[in-house]
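Heads up, the thing below is written out as structure tokens.
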Amino acid sequence: MAVAEDGPIRDLGASEIAGADTFETSQKQSSYEEISPEAWEGRGISAAELLSSLTGVEAHSQGGVGSFQTISIRGIAGQDILICVNGVPLNDGSGGAVDLGRIDLNQVEKIEVYKDRVPVKFGGSGVGGAVNFITKSAKVSNQESSGKFLAAYGSHNYWETAIQINSAITDSVGFTAGVSARHSDNDYEFKSENGTPYNKDDDFTANRENADFTEYSGSAELRILHGNGAFSTLAFNGAYAEGGNPGRGEFQTKVAGYEGENATLSYRLESPELLGWLWLTAGLSGRFEKNVSHSYYPLDHIGYFSTEYLEYGAAGYHLLPEITAEYLGERLVATLRIAGGFDRMEARGTSREWALERYSGNAAGEVNFHITRWLATSGEASLQLLQDDIDGGKFVLPTATQKLKTASNRDASYSYRGAILLTQPAGYFGGHISLGRFYRQPQLMELYGVYPGVVSNPDLKEETSLRFEGGLFASTPKKISTLRVTYYETAVDNGIYWVTSGAFMKALNVGEVRIRGLELNLESHPAKFLQVLMGATIQKALDHTDDVAYRDKNLPGEPVQSYYTEAKLQLPFHFDFTWASSYRTKIYEDRGNRLEQPAVPNHRAALGFTPYTQTRFVFAVENITDETYRNAYSPFPMPGREYRLTFTQGF
């Protein structure tokens with residue numbers, strides 16, 4: 001925290017609000033989580049795998065480094081979860097889930113996870129919670145420059161290298177920058193069914209081909225403390241990735257692949273403390289992304305000769321201006337955020353030209369009131385207005401015979417949430433209850449068909465959810481152990497699903513979901529050399545649609561039970577050892593519960609050695625007990641046993 005002559009200047013990357021300790025303590029004991037680099041550095045864990053170590057969070061992956069990865073939170077699928085980097089949303093007009101496989105954790109300083117809501121600071125729009133990745137900050141301790149170098153090598157020709165530098169340019173200017181690169185051949189062994197899934201006699205072992213992934217990423221931040229006490233931050237992060245698309249099972253492709261680019265530039269200006277109780281923050285963020293896939297099939301699967309080179313994709317431009325005011329009183333903390341938005345998606349590649357635009361306005365506010373030292377209440381609400389525009393292209397209406405020339409008007413959307421928080425002053429026990437309504441407006445590409453075979457549906461309604469939560473926590477003296485118990489219940493209406501009929505796809509409001517669950521967490525450090533974390537999630541996530549084929553069936557990818565345990569030992573001679581085990585019960589791949597995936601255990605271990613204060617080696621093993629690689633397109637593929645050695649050196 002930087003300090004000016006007339007008062008403290010808050011760290012823009014921090015999640016804490018001065019004077020709101022009661023609320024933050026209660027959140028941390030319920031549905032708010034923070035993850036620091038110690039949880040992932042050197043262990044070869046992807047962002048989705050890391051998040052799935054939290055109760056209520058499940059990872060979904062197509063397998064391998066850089067593969068498409070998403071999460072679900074408390075039964076809510078990835079397309080309904082807001083994913084941000086430094087508070088800037090990554091969700092785009094496609095309406096799909098954000099690909100967490102493209103998140104390079106080398107650039108990340110902290111991860112914030114909100115399982116019960118989308119906070120006001122992100123606009124309050126989202127059905128299933130939020131995840132915010134905070135990149136490396138330009139905070140410099142003791143005005144000294146520092147840095148870190150990382151190098152890793154592992155199975156399947158995996159390699160990774162990264163360097164981060166922090167520098168104090170002057171007493172009031174800090175700078176940080178980092179670059180990294182990573183690659184994997186992803187040539188896992190798998191059992192091929194040889195095109196005959198019902199005949200096991202002709203199965204054989206094969207290797208994935210054309211599955212390589214390479215990514216280059218970087219981030220930079222400049223932080224300036226101005227003479228009048230104002231504080232500004234200029235931040236950039238971006239990445240370029242390319243890889244092959246191996247296809248599914250034995251139907252492997254040789255030349256299909258993809259390229260992806262993204263970059264975000266943001267500026268924030270924060271005022272000094274005004275009138276002894278007011279803080280103002282203004283920000284402007286711009287984001288660009290482009291994803292293009294390509295394929296070339298001289299001979300297609302039914303024997304017709306074709307020389308057409310196919311290249312298709314989209315580019316997106318996003319602009320987000322915002323201003324936030326925070327009132328910090330002795331008992332009352334209030335926040336008001338006003339934001340605008342401009343989004344444009346347009347065609348890339350050889351597909352037909354099209355373009356979609358969206359203009360948005362958002363107002364969100366939150367009030368926290370300390371009734372006593374141990375009792376507090378909070379309330380929050382948001383309102384969003386949208387205006388869409390079709391700029392080029394022709395979009396097919398549901399009749400498949402008419403062309404759509406203008407965008408449909410969208411109704412205003414709103415959310416609200418109230419909570420009561422109870423925390424004993426010493427923080428040894430407490431609890432909370434909350435109830436809220438949340439929403440997600442249909443995205444541009446869900447409303448308007450832009451690819452061949454996709455049919456427009458401009459009459460899509462917004463998804464809505466009602467969410468209830470109640471939780472308790474208790475700690476032993478000196479907080480050696482803390483137990484948290486949280487019950488949650490969610491009802492989602494007008495869920496948006498892509499429905500396929502023949503050769504056409506169309507987004508429809510066909511989802512009615514009812515979810516009930518219980519989370520149990522135990523954190524303990526019974527001895528100086530031992531830390532233990534245990535978690536369990538037990539839930540019923542049921543499809544509640546009127547269609548008898550799906551009603552009361554389990555939601556795809558959601559287990560009834562999942563467990564996670566992790567233990568870290570400090571050993572003699574500068575060694576440490578971490579063991580983590582997870583288990584989830586069987587799941588289904590489809591809404592009809594016809595395609596079943598068996599229960600899966602997974603065990604990983606990491607042995608660390610720190611011979612000097614800033615020198616560290618980590619040898620990690622993933623999936624210790626199972627060498628089998630499961631289908632890349634199943635919801636829970638297993639990559640087989642993997643090894644990785646990581647070296648880090650600080651300076």
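Key figures
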read-out	value
Shape category assigned to the range 338-436 from the gyration tensor of Cα positions, a/c cut at 1.5	prolate
Amide H contacts of Gly95 (H built 1.01 Å from N, under 5 Å, at least 5 apart or other chain)	Met445
³J(HN,Hα), Karplus 6.51/-1.76/1.60, whole Hz, each residue of the range 399-406, x for Gly, Pro	6, 6, 10, 9, 9, 8, 10, 10
Ranked order, Lys191, Lys568, Lys148 - accessible area, probe 1.4 Å, largest first	Lys191, Lys148, Lys568
Computed FRET value (nearest 0.05) for Ile538 with Thr399, which takes r as the C-beta separation and R₀ as 30 Å	0.05
Proximal lysines to Lys136, defined as alpha-carbon separation beneath 16 angstrom and excluding residues fewer than eight positions away on the same chain	Lys110, Lys148
Carbon/sulfur fraction of accessible area - the range 32-650, other protein chains in place, 1.4 Å, %	59 percent
Above-threshold pairs, the threshold being 22 Å between Cα atoms, out of Lys115/Lys528; Lys403/Lys506; Lys121/Lys461; Lys115/Lys540	Lys115/Lys528; Lys121/Lys461
Overall form of the range 81-179 per C-alpha gyration tensor (a/c, 1.5; a/b vs b/c)	oblate
Amide H partners (placed H, <5 Å) of Gly126, local residues excluded	Tyr439
Length-normalised contact order for the range 63-189 - Cα pairs under 8 Å, 6+ apart - percent	21 percent
Accessible surface of Leu533 - all protein chains present, 1.4 Å probe, nearest 10 Å²	60 Å²
All aspartates and glutamates inside 13 Å of Lys568 as judged from Cα atoms, apart from same-chain residues fewer than 8 positions distant	Glu38, Glu523, Asp576
Mean Cβ count within 10 Å, highest first, over the residues of peptides 65-76, 549-560, 176-187, 383-394	65-76, 176-187, 549-560, 383-394
Ranked order, Leu645, Leu50 - accessible area, probe 1.4 Å, largest first	Leu645, Leu50
Förster radius 35 Å - calculated FRET efficiency between Phe236 and Tyr359, Cβ distance, rounded to 0.05	0.90
Inter-label distance, nm, simple model (7 Å from Cα along the C-beta direction), Ser146/Asp201	6.6 nm
Mean accessible surface per residue for the chain, computed with a 1.4 Å probe while every protein chain stays in place, in Å²	45 Å²
Amide H contacts of Trp354 (H built 1.01 Å from N, under 5 Å, at least 5 apart or other chain)	Ala347
For the range 32-650: relative contact order, % (alpha-carbon pairs under 8 angstrom, 6 or more apart)	10 percent
The range 496-582: C-alpha gyration tensor shape, a/c 1.5 cut-off, then a/b vs b/c	prolate
Glu109 accessible area, 1.4 Å probe, all protein chains in place, Å² to nearest 10	60 Å²
Cross-link partners of Lys139 among aspartates and glutamates (Cα-Cα below 13 Å; sequence separation of 8 or more within a chain)	Asp11, Glu109, Asp171, Glu221
Sequence of Trp354, Trp374 when ordered by accessible area, the most exposed leading, probe 1.4 angstrom	Trp374, Trp354
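The values are calculated or read from the model by the stated rules, or taken from the named source; none is laboratory data. From a predicted model like this one, the values you see are computed outputs, not experimental measurements. As a convention, Cβ positions derive from the backbone with ideal geometry for all residues, glycine included, and neighbour counts pool all protein chains shown. To get the accessible areas, we keep the full protein, side chains included, count just its heavy atoms, and leave off ligands, DNA and RNA. Shrake-Rupley method; radii C 1.70, N 1.55, O 1.52, S 1.80 Å.
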